[in-house]
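Have a look at the structure below, then the notes.
The values are calculated or read from the model by the stated rules, or taken from the named source; none is laboratory data. If you're wondering where the values come from, they're calculated on a predicted model, not measured in any experiment. Reconstructed Cβ throughout: ideal geometry from the backbone, glycine too, with neighbour counts over all protein chains shown.
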Amino acid sequence: MFLILGISSIALYTFVLLYFCIFSAARRPDQSDTGKKFFLGSGTQTFILLFTILSSTFSTWVFMGSPAGTYANGHTWIALVTLYQISMTFVCGYLGPRFWVLRHKHDLVTQADLVVKYYNSDIPRYVMAVCFIIAMSTTTVAQFRATGTAIMVMSGGAIPFWAAAAYVGLVVAIYIYFGGFHGNSLIDTFLGILFSSLLWGGLIIVLVNSGGLVAMFNNVGNIREELLLYSADGFWNPTRAISFSLVAILGGIVNPAFWQRYYAAKNTRTLLRMSVWFPILVSVGVTLSGGLVGLAANIYSLELTANDAVFQTLLTTIAGNYWSILVTIGILAAGMSTIAGSMMGAAMIVSYDFIRVLGKNYDDVQLRKVGRNCVLLLVAICYFLTLRAVAGIFMLIQLMAAFNMSALYPVIGIFIWKRATMWGCVSAMAGCLVTTAITNFYLNNPLDVMAGAWGFGVGMILFIVVSLVTQPVSDAQRAAFMKPLKDSKSLPQTNVS
C-alpha cells in the first residue's frame, strides 16, 4: 500500500509538471520561435524570476547537503552559507542590472558574449564555455544521484536507481524541450513553492517533537557541545568551512543559471527588487529550515546509511513512513528544477558559443532547433555519467561552484579592474580549472583548504601577472562598451571609466 501511494504521488507530481509545460506552450506559442526566446524568454516578472532563480540554483542540497552539514558539523554551517546569500544582494543589485543593460544594448545571448564583446576576442568564449559546461554537467550528475537515490529509498529498493534516475531525466527533458525558458520558469515557480513548503513543514514537525527551538538547542548542546561551536577535529573545521564558503560565494556570483536569468528579466527594476527579496527568501525559506532539521537530528538515535539521508530518515522516524513520500517529492522538486536550469544553460552555450560561432550559416530559428536537440543529448549524457559516477554529492557540488568561479576573472576585468587583459583572463580561467582538478582529485584539498579556493588563488595570481605584461583593452573600446550604462536612466550613476 505504501509503495502504491508513493508511486501514485510521483505520478500526480509528474502530471502537474507536464500540465504546466503544455499550458505554457499553448499560451505562448511564440516562446520557442527563435533560439533567443527559447533560452531567455521575453521578459520575466519579479515573482517568477525570484522562484526560477531559487529553484534552478538551490538543489537537492537543501534537503541533503545542508541538513547533513549541520548534523555532522553544527549550526555554524548555517552562518557560513548565509554569506553566500548575502553576496547575492550585491550580485542582483549591482551586476544583474548591468548585465541586463549590456545584454540588450549589445544584443548578447550567452554569458561569453559579454566577455567577447568587451575583450574583442573569441578565445575567452571557448574557455568560459568549457568551464560552464563542466560545472553544469557536474551539478546535473549530483542531482541525478540525489533524486534517483531518494526514489529508490522511498520504494525500499523496488524501483532501482537506474530506473528512478531515468524517469527524472525523461520528465525534465520533455518539459524543457516543449516549454522553453518560459515553461521552465513556470514549473520552477511551482517547484520552488513546493519544496520550500515541505522544508518548513518538516522543520515545524521536528520542533514540535523536540519541545521547541530553545529546548532543541539545549538538548543538542547537552549531547554534543561542539556542534554549537567550530570543531577543530571535525570535517568542517574553520579552514575547510571558510574556504568552501569562499568558493560558493565566488562561484555563485557568476553562476550561469543566475546570469541567464539576469538576461531574461523584464527590466532592471526587476533585478533591483530581486536584490532585496532573494536573500530573504533563501535565508528564511530554505537554508534555515533544512539546516535546523539536520542539527535537531542529533537529539535522536538514527541509523543512517549516509548523512545525506538525515532529513528523510528523521522525518520518517518521528512522523511516520508517509512523510518519506513527501520528502521524496521535495527532493524531486529541488533536483529536477536544478537539472532543468543547468541543462537549459548548457544547451544554450553549446548552441550559441560553439555551433553559432563555428557554423556561420545558422540563423536564430535554426539555433532554437539545435538547442532543443542539445537539451535531449546533454540530459542523456549526464544520465549515463551518473551511472558511472563515484564522487559523492558534496564533492560534485563543490566542483560545480569552483568551475563556475573561473568566469569571475573576465567579469572583474570589465567592471572593477580596467587593466585586465584578454590573455590575463584566459590564463586565469585555465589555471583555476587545472589547479582545482589537481587539488581535488589528486591532492585531496591540501591543508584542509578546499580545491576551489586553491584554484581561485592560482587563477588570481595569473590574472594579475599576465594582465600586467600584456595589452589591455583600449580606452576607446572600453568607453564604447560601457556607454549603454552611462546612458541608461534605469541604473544609479556609477564610475564605469
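Tell me whether the range 388-406 contains one or more residues that are within 30 Å of Ser474 (Cα to Cα), modelled with pLDDT under 85 and among the small types (Gly, Ala, Ser).
Applying the first criterion (within 30 Å of Ser474 (Cα to Cα)) to the range 388-406 yields 403-406.
If we keep only those that are modelled with pLDDT under 85 as well, we get 403-406.
Checking which are among the small types (Gly, Ala, Ser) leaves us with 406.
Among the residues of the range 388-406, at least one is within 30 Å of Ser474 (Cα to Cα), modelled with pLDDT under 85 and among the small types (Gly, Ala, Ser), which makes the answer yes.
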| query | Going through the range 152-164 one residue at a time, which ones are surrounded by fewer than 24 Cβ atoms within 10 Å (Cβ to Cβ), touching a residue at least 12 places away in the same chain (Cβ under 8 Å) and assigned to a helix (DSSP H, G or I)? | reply | Met152, Val153, Phe161, Trp162, Ala164
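Only one of these is modelled with pLDDT of 90 or more, surrounded by fewer than 24 Cβ atoms within 10 Å (Cβ to Cβ) and among the hydroxyl-bearing types (Ser, Thr, Tyr): Tyr118, Tyr167. Name it.
Matching residue, one of Tyr118, Tyr167: Tyr167.
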| query | Which residue out of Thr287, Thr305, Thr239, Thr317 is closer than 28 Å to Ser185 by Cβ and of a type in the set (Val, Ile, Thr)? | reply | Thr287
| request: Could you tell me whether any residue of the range 41-63 is touching a strand residue (DSSP E or B) at 6+ places or on another chain (Cβ under 8 Å), modelled with pLDDT under 80 and either assigned to a loop (DSSP other than H, G, I, E, B) or of a type in the set (D, E, K, R) (or both)? | output: yes
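Taking the criterion of being part of a helix (DSSP H, G or I), over 22 Å from Ser55 (Cα atoms) and of a type outside the set (Lys, Arg), would at least one residue in the range 166-189 satisfy it? First the steps, then the outcome.
Looking only at the range 166-189, we keep the residues that are part of a helix (DSSP H, G or I), and these are 166-189.
Next, only the ones that are over 22 Å from Ser55 (Cα atoms) stay: none.
So far as the range 166-189 goes, no, none of its residues is part of a helix (DSSP H, G or I), over 22 Å from Ser55 (Cα atoms) and of a type outside the set (Lys, Arg).
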| said: Can you pull out every residue in the range 54-71 that is in contact with a Phe, Trp or Tyr (Cβ under 6 Å, 6 or more places away or on another chain) and either aromatic (Phe, Trp, Tyr) or farther than 15 Å from Phe244 by Cα (or both)? | reply: Phe63, Pro67
| task | Could you tell me whether any residue of the range 137-146 is at pLDDT below 90, more than 20 Å from the chain's Cα centre (by Cα), part of a helix (DSSP H, G or I) and not hydroxyl-bearing (Ser, Thr, Tyr)? | result | no
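State yes or no: is Lys37 modelled with pLDDT under 85, closer than 30 Å to Asp364 by Cβ and more than 16 Å from the chain's Cα centre (by Cα)? Outline the logic, then answer.
Numbers: modelled with pLDDT under 85: yes; closer than 30 Å to Asp364 by Cβ: yes; more than 16 Å from the chain's Cα centre (by Cα): yes.
Considered against the rule, which asks whether it is modelled with pLDDT under 85, closer than 30 Å to Asp364 by Cβ and more than 16 Å from the chain's Cα centre (by Cα), Lys37 comes out as yes.
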| In the range 160-217, how many residues are touching a helix residue (DSSP H, G or I) at 6+ places or on another chain (Cβ under 6 Å), hydroxyl-bearing (Ser, Thr, Tyr) and over 20 Å from Phe47 (Cα atoms)? | 3
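Would it be correct to say that Trp259 is surrounded by fewer than 20 Cβ atoms within 10 Å (Cβ to Cβ) and either under 30 Å from Lys37 (Cβ atoms) or modelled with pLDDT of 85 or more (or both)?
Working: surrounded by fewer than 20 Cβ atoms within 10 Å (Cβ to Cβ): no; either under 30 Å from Lys37 (Cβ atoms) or modelled with pLDDT of 85 or more (or both): yes.
No: the conditions fail for Trp259.
Hand me the list of helices (runs of 4 or more DSSP H) wholly inside the range 268-330 holding 1 or more residues that are among the charged types (D, E, K, R) and modelled with pLDDT of 80 or more. I'd like the intermediate steps shown before the answer.
Details: elements: 268-282, 288-296, 310-319.
Once the helices (runs of 4 or more DSSP H) in the range 268-330 are filtered for at least 1 residues that are among the charged types (D, E, K, R) and modelled with pLDDT of 80 or more, what remains is 268-282.
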| request: Filter the range 421-470 down to residues that are within 25 Å of the chain's Cα centre (by Cα), surrounded by fewer than 22 Cβ atoms within 10 Å (Cβ to Cβ) and of a type in the set (Phe, Trp, Tyr), then give me how many there are. | output: 1
| Can you name every residue in the range 7-34 that is at pLDDT below 80, assigned to a helix (DSSP H, G or I) and buried (at least 16 other Cβ atoms within 10 Å of the Cβ)? | Phe20, Cys21, Ser24, Ala25
